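One structure is given below, encoded as C-alpha cells.
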Amino acid sequence: MQEHRKAGNQAAEAEALQRLTIAFPDAPGTAEARTRLQSLQVVQTTERRKLGVLLPLSGPGSRAGTRALRGIELALAMAQERDPTVQVELVVRDSTQHTATAHAALQTLAQDAQVLGVIGPVLSRTATELAPLAGQLGVPLISPYARDSAFPALSPYAIRNSLTDSMQGRLLVAYAIDTLRLQRFVILHPEDAYGTALRDRFREQVLQRQGEIVDVLSYPPNSTNFKAVLGRLKTLQYDAIFLPEYADRVSQIVAQMAAQNIRGGQLLGTDAWNTPTLVAQDARLLEGAVFVDGFFAQATAPIVKTFVEQFRARHQEAPDLLAAQAYDTLLMCVQVLQSGARTPAQLRDGLLRIRDFDGVSGLTSLGDSRDAEKVLYVLGVQRGRIVQLTTPSRR
C-alpha cells in the first residue's frame with residue numbers, strides 16, 4: 001500500500017485497503033485504513049477521469065482527424081449537459097502522419113498523462129502500427145474508423161467502432177436476398193483497393209446465402225469510357241448489379257448504361273454512394289437504387305436529429321460517418337466510466353460488454369473480437385432524393 005501511495009496510484013491503493021479492511025476487520029490500524037479508504041473513495045468519485053484522443057490534426061490526414069475530434073468534443077459536451085456528474089477530461093495529441101510521432105504520443109498519453117483509454121487513430125496504417133504498443137502499455141486504443149485493416153486482431157487492447165467492408169457486404173446481401181428477393185448478381189467494380197475489397201466481401205455473402213454470381217466485370221480505376229465492359233452486360237441474365245464505386249463515377253457509369261440502352265436490374269451500392277453528388281446529375285437513372293451506410297444525416301431518429309442540429313450549430317456543416325462514429329465512441333466510453341471503470345483494463349472490459357448501444361451510427365455491440373457489430377442504414381433513391389429505407393435505432 002505504501003508503494004502505491006508513493007507512486008500516486010490511488011486506485012491500486014484503494015483496492016489494497018479494501019482487501020485489508022475485509023480480511024482484518026479488528027486488527028490494529030484497520031480504523032485508520034478505513035478512514036484513508038473513505039477519503040480515496042471521495043476523491044475517486046469527484047476526480048476527472050482522463051481519456052486520450054490521438055488523431056491526425058496536421059498533415060494529409062488532418063481533415064479526417066478534425067472531423068473525428070469535432071464529434072468527440074460534441075459528445076462530451078452533450079454528455080455533461082445531460083449529466084453534470086460526468087467528469088471526463090480529454091487529453092488531445094496529434095498523431096501526424098509519422099509513425100515515430102504517433103508512437104511517442106501514445107506513450108506520453110499512457111505513461112505521463114495516465115489516461116484510461118485512447119480514442120484513435122482513424123487512419124488504418126497508423127492504427128495497425130500502434131496496436132502492439134497499446135498492448136504493451138496496457139491501454140485501450142479505440143479507433144472510430146481504421147476500417148481497412150485487421151486492427152482489432154493485433155492486440156487485446158485494440159478496439160474498433162467502425163463500419164467495415166464485411167459489414168456492408170453482409171447487410172446489403174441480406175437485404176437484397178431477403179427483402180428484395182434477388183438471386184442473380186453481377187459485380188461491376190473498379191480495379192482498385194476499394195473496389196476489389198468490396199467485390200470479395202459481397203461475393204462471399206452471396207455464395208453463403210446460396211445466391212448466384214452471374215459474372216464479375218472490372219475496369220481500370222481511371223476509366224472514363226465504360227462502353228466495352230458495359231456492353232458485356234447485354235449478354236447476361238441477372239437480377240441486380242453491385243457497383244462498389246464513388247458517387248461521381250456511379251453517375252458517369254449509369255449515364256453510359258442509359259446511352260447503350262442497358263435497362264433493368266436492381267442497382268446496389270455502398271457507403272460511397274451516400275452523398276448528394278449521387279443524384280446531382282440525372283437522378284432518374286438511379287431511381288430505386290439501394291445502398292448501405294453507417295450514418296445518414298437526414299435520419300428520422302431523434303438522437304440523430306439532435307446530433308446533426310448541434311453539430312451544424314457548432315461547425316456550420318453536417319456531420320459525416322467519421323464524426324458520427326467518433327461521437328458514439330466517446331459516449332460508449334463515458335457510459336463505461338460512469339458505471340464504475342477506474343482502470344484501463346476495466347474500461348476495456350466494460351466496452352467489450354456493450355450490447356445494442358443506441359448511437360447515431362446505428363445499434364452497436366462489442367465482444368471478444370473487439371470489432372463492432374453494427375445494424376446499418378439501408379438507403380435508397382426515390383423521386384430524385386436519397387431516403388432512409390430501414391431504421392437501425394430504437395430512439
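Regarding Ala146, is this residue modelled with pLDDT under 95, in contact with a strand residue (DSSP E or B) (Cβ under 7 Å, 6 or more places away or on another chain) and crowded, with 24+ Cβ neighbours inside 10 Å? In short, yes. Within the stretch 197-234, being loosely packed, with under 14 Cβ neighbours inside 10 Å and under 26 Å from the mean Cα position of the chain (by Cα) holds for one residue alone: Gln208.
All of Gly384, Gly380, Gly340 fail the test of being loosely packed, with under 15 Cβ neighbours inside 10 Å, more than 17 Å from the chain's Cα centre (by Cα) and touching a residue at least 40 places away in the same chain (Cβ under 8 Å), apart from Gly384.
Whether any residue in the stretch 72-90 is among the basic types (Lys, Arg) and surrounded by 14 or more Cβ atoms within 10 Å (Cβ to Cβ) is what I want to check.
At the first step, the residues of the stretch 72-90 found to be among the basic types (Lys, Arg) are 82.
Subsequent filtering for residues that are surrounded by 14 or more Cβ atoms within 10 Å (Cβ to Cβ) retains none.
No, there is no match, as no residue in the stretch 72-90 is among the basic types (Lys, Arg) and surrounded by 14 or more Cβ atoms within 10 Å (Cβ to Cβ).
Quick grid of which residues meet (1) within 23 Å of Phe295 (Cβ to Cβ); (2) modelled with pLDDT of 95 or more; (3) not acidic (Asp, Glu); (4) not assigned by TED's automatic domain parsing to the domain that holds Gly362:
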position	(1), (2), (3), (4)
Arg170	yes, yes, yes, yes
Val173	yes, yes, yes, yes
Ala193	yes, no, yes, yes
Glu204	no, yes, no, yes
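Would you mind finding the one in Glu373, Glu309 that is out of contact with any Pro (no Cβ under 6 Å at 6 or more places or on another chain) and over 28 Å from Leu116 (Cβ atoms)?
Glu309
Checking every residue in the stretch 239-249 against the condition of being among the hydrophobic types (A, V, I, L, M, F, W, C) and over 31 Å from the mean Cα position of the chain (by Cα) gives zero matches. One residue stands out in the stretch 91-121 among those that are among the hydrophobic types (A, V, I, L, M, F, W, C) and within 16 Å of Met332 (Cβ to Cβ): the one that is surrounded by the fewest Cβ atoms within 10 Å (Cβ to Cβ), namely Leu116. Filtered by the rule that a residue be surrounded by 16 or more Cβ atoms within 10 Å (Cβ to Cβ) and at pLDDT 95 or above, the stretch 362-372 gives Thr364, Leu366, Arg370, Asp371, Ala372.
Out of all the residues in the stretch 170-183, is one or more among the hydrophobic types (A, V, I, L, M, F, W, C), surrounded by 24 or more Cβ atoms within 10 Å (Cβ to Cβ), touching a residue at least 40 places away in the same chain (Cβ under 8 Å) and more than 30 Å from His98 (Cα to Cα)?
Taking every residue of the stretch 170-183 in turn, at least one turns out to be among the hydrophobic types (A, V, I, L, M, F, W, C), surrounded by 24 or more Cβ atoms within 10 Å (Cβ to Cβ), touching a residue at least 40 places away in the same chain (Cβ under 8 Å) and more than 30 Å from His98 (Cα to Cα).
Among the residues making up the stretch 125-143, those that are surrounded by 24 or more Cβ atoms within 10 Å (Cβ to Cβ) and among the β-branched types (Val, Ile, Thr) are Thr126, Val139, Ile142.
Entry remark, the stretch 134-147: residues being more than 18 Å from Thr329 (Cα to Cα) and in contact (Cβ under 8 Å) with a residue 40 or more places away in the chain number 1 in total.
Of the set (1) among the aliphatic types (A, V, I, L, M); (2) at pLDDT 95 or above; (3) out of contact with any Cys (no Cβ under 9 Å at 6 or more places or on another chain), all apply to Leu376 but (2).
The values are calculated or read from the model by the stated rules, or taken from the named source; none is laboratory data. If you're wondering where the values come from, they're calculated on a predicted model, not measured in any experiment. All Cβ positions, even for glycine, are placed from backbone atoms using ideal geometry, and neighbour counts span all protein chains on display.
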